[in-house]
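**Q** Dropping the structure in here first, questions after.
The values are calculated or read from the model by the stated rules, or taken from the named source; none is laboratory data. Remember, it's a predicted structure, so these values are computed and weren't measured experimentally. Neighbour counts are summed over all protein chains in view; Cβ atoms, including those assigned to glycine, are modelled from backbone coordinates with ideal geometry.
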């Protein structure tokens, strides 16, 4: 399960990178920056959706158990 945590952390870092990249292009301004901002937003939405669906699929197939791993005893 350590490999799974590593993959989730990598995905979260990629999402954060895309978030701050979008913030950079938002403050920069200009037509080219608008295109880059939109591209950054698309990447962030795609990565977040992929991570969410992957976690739900792992729970569905029994690889992870969200009830025992997220909720306290």
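**Q** Could you list, in sequence order, the residues of the stretch 9-25 that are closer than 18 Å to residue 56 by Cβ and in contact with a helix residue (DSSP H, G or I) (Cβ under 7 Å, 6 or more places away or on another chain)?
**A** Passing the criteria: 11, 15.
**Q** Within the stretch 22-73, work out how many residues are assigned to a loop (DSSP other than H, G, I, E, B) and touching a residue at least 40 places away in the same chain (Cβ under 8 Å).
**A** Number satisfying all stated conditions: 2.
**Q** Would you point out which residue out of 58, 71, 6, 50 is surrounded by 12 or more Cβ atoms within 10 Å (Cβ to Cβ) and at pLDDT below 95?
**A** Just a single option satisfies the conditions, and that option is 58.
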